[in-house]
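K.L.:
The structure that follows is given in the form of structure tokens.
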Amino acid sequence: MEIQTRLTIDGIQCEAAPGEYLLSVAKRCGIEIPTLCHHDALPGQASCRLCVVEVIDRGRSSTVVSCVYPAADGMEILTQSEKIRRLRGNILRMLRERAPADTGLDALCLEYGVTPDERFYRDEGEKCVLCGLCAKACSLLGANAITTAMRGTFKKISTPFGEPSPQCIGCGACSRICPSGAITLAETGGKRHIWGRTFDLLTCAACGETVATPEELEYLAKKGVIFEDSKRLCAACRKKSTVSELP
């Protein structure tokens, strides 16, 4: 029988699977912890630091990043202590100055009483909070078309040398996973525009919805996933086709 880890989060008794991270445990128990860089498909970023919590273990208090900190038996977790709220406020203040155009931060800044601070550098049109989700998604796909460039206040996500990347397959995964809408993707006239490149769009053989770019299908073919023209279906039509083929 698997032994469950028992801990307390904000006074609520919770159980965790062996090795489960605190953020996951809290979410399952209905306790909200703010985060920007966490995505269930791409865990372990720990870059935005908003999910900090206070851990009291064996009488000692420490501050940890909950998305990468494993639960342990007997822990007491505080997600809204005065220290944690102060830390989150400072983090949000820096993120707000880094990405003033990211309207997704507005509600959090209001909750934590964050106002503009002129001590920090501001790029008024910037939305990117440097969560790293886009670069990680691109890396896991194997395209490696974007990465982190430059340092300090000028750090950004970019293609190599800021030029249109020949490695980009136009899949749009980076744009879809971005929490702040910083990556511009536009589709007009059967074309997709992203990262300074324009891609043709192939449509579903059944319903006509967009499926992929030719570059994306070529990439998948190299991975052993091949779609015949007659079977090039969107996710919804593929599901219907699978169901209809069941005995």
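K.L.:
Among the residues of the range 196-208, is any within 27 Å of residue 100 (Cα to Cα) and either at pLDDT 95 or above or surrounded by fewer than 18 Cβ atoms within 10 Å (Cβ to Cβ) (or both)? So that I can check it myself, show each step before the final result.
P.N.:
Just the residues of the range 196-208 that are within 27 Å of residue 100 (Cα to Cα), to begin with: 196-197.
Cutting the leftovers down to either at pLDDT 95 or above or surrounded by fewer than 18 Cβ atoms within 10 Å (Cβ to Cβ) (or both) gives us 196-197.
Yes, the range 196-208 has at least one match.
K.L.:
Any idea which residue in the range 221-246 is modelled with the lowest pLDDT, counting only those that are more than 24 Å from residue 143 (Cα to Cα) and surrounded by 10 or more Cβ atoms within 10 Å (Cβ to Cβ)?
P.N.:
Taking the candidates together, the pick is 231.
K.L.:
Within the range 130-181, track down each residue that is in a helix (DSSP H, G or I), surrounded by fewer than 17 Cβ atoms within 10 Å (Cβ to Cβ), of a type outside the set (A, V, I, L, M) and within 17 Å of the chain's Cα centre (by Cα).
P.N.:
Answer for the range 130-181, where residues must be in a helix (DSSP H, G or I), surrounded by fewer than 17 Cβ atoms within 10 Å (Cβ to Cβ), of a type outside the set (A, V, I, L, M) and within 17 Å of the chain's Cα centre (by Cα): 139, 176.
K.L.:
Has the range 74-83 got at least one residue that is β-branched (Val, Ile, Thr), touching a helix residue (DSSP H, G or I) at 6+ places or on another chain (Cβ under 9 Å) and at pLDDT 95 or above?
P.N.:
Narrowing the range 74-83 to residues β-branched (Val, Ile, Thr): 77, 79.
Applying the additional criterion that residues be touching a helix residue (DSSP H, G or I) at 6+ places or on another chain (Cβ under 9 Å) yields 77, 79.
Going one step further and asking which of them are at pLDDT 95 or above, we end up with 77, 79.
Yes, some residue in the range 74-83 is β-branched (Val, Ile, Thr), touching a helix residue (DSSP H, G or I) at 6+ places or on another chain (Cβ under 9 Å) and at pLDDT 95 or above.
K.L.:
Cβ-Cβ under 8 Å, sequence separation 6+ or interchain: first residue in the range 62-82 and in contact (Cβ under 8 Å) with a residue 40 or more places away in the chain, partner basic (Lys, Arg). Which pairs?
P.N.:
73/6; 74/6; 74/58
K.L.:
Kindly provide the set of residues from the range 81-106 that are of a type in the set (D, E, K, R) and under 20 Å from residue 31 (Cα atoms), ordered by number. I'd like the intermediate steps shown before the answer.
P.N.:
Here is the first cut: in the range 81-106, the ones of a type in the set (D, E, K, R) are 82-83, 85-86, 88, 93, 96-98, 102, 106.
Selection gives 82, 83, 85, 86, 88.
K.L.:
I need the full set of residues from the range 22-39 which are surrounded by fewer than 21 Cβ atoms within 10 Å (Cβ to Cβ) and over 22 Å from residue 127 (Cα atoms), in order please. Spell out how you get there, then give the answer.
P.N.:
We begin by selecting, within the range 22-39, every residue surrounded by fewer than 21 Cβ atoms within 10 Å (Cβ to Cβ); these are 24, 27-32, 34, 39.
Within the range 22-39, 24, 27, 28, 29, 30, 31, 32 qualify.
K.L.:
Is there a residue being in contact with a Gly (Cβ under 8 Å, 6 or more places away or on another chain) and assigned to a strand (DSSP E or B) anywhere in the range 61-69?
P.N.:
no
K.L.:
Shifting gears a bit: Of the residues that sit in the range 182-227 and are assigned to a loop (DSSP other than H, G, I, E, B), of a type outside the set (Val, Ile, Thr) and within 28 Å of residue 162 (Cβ to Cβ), which one is nearest to the chain's Cα centre (by Cα)? Walk me through how you get there before you give the answer.
P.N.:
Of the range 182-227, the ones assigned to a loop (DSSP other than H, G, I, E, B) are 182-185, 189-190, 195-196, 201, 204-209, 213, 223-227.
Adding the requirement that they be of a type outside the set (Val, Ile, Thr) leaves 182, 185, 189-190, 195-196, 201, 204-209, 223-224, 227.
From what is left, the residues that are within 28 Å of residue 162 (Cβ to Cβ) are 182, 185, 189-190, 195-196, 201.
On the way: 182: 12, 185: 17, 189: 29, 190: 28, 195: 19, 196: 22, 201: 25 Å.
Among them, the one singled out is 182.
K.L.:
At pLDDT below 90, loosely packed, with under 14 Cβ neighbours inside 10 Å, among the small types (Gly, Ala, Ser) and more than 26 Å from residue 130 (Cβ to Cβ), is that true of residue 59?
P.N.:
Values: at pLDDT below 90: yes; loosely packed, with under 14 Cβ neighbours inside 10 Å: yes; among the small types (Gly, Ala, Ser): yes; more than 26 Å from residue 130 (Cβ to Cβ): yes.
It is true that residue 59 is at pLDDT below 90, loosely packed, with under 14 Cβ neighbours inside 10 Å, among the small types (Gly, Ala, Ser) and more than 26 Å from residue 130 (Cβ to Cβ).
K.L.:
Given 19, 44, which one is in a loop (DSSP other than H, G, I, E, B) and farther than 18 Å from residue 178 by Cβ? Break it down stepwise before answering.
P.N.:
Values: 44 fails: farther than 18 Å from residue 178 by Cβ.
Criteria check complete, one pass: 19.
K.L.:
Please go through the range 97-126 and pick out each residue that is of a type in the set (D, E, K, R), at pLDDT 90 or above and either in a helix (DSSP H, G or I) or over 19 Å from residue 153 (Cα atoms) (or both).
P.N.:
Listed by number, the residues that qualify are 106, 111.
The values are calculated or read from the model by the stated rules, or taken from the named source; none is laboratory data. Please read all numbers here as calculations on a predicted model, not as lab measurements. Don't worry about glycine lacking a Cβ; one is built from the backbone with ideal geometry, like all the others, and counts go over all protein chains shown.
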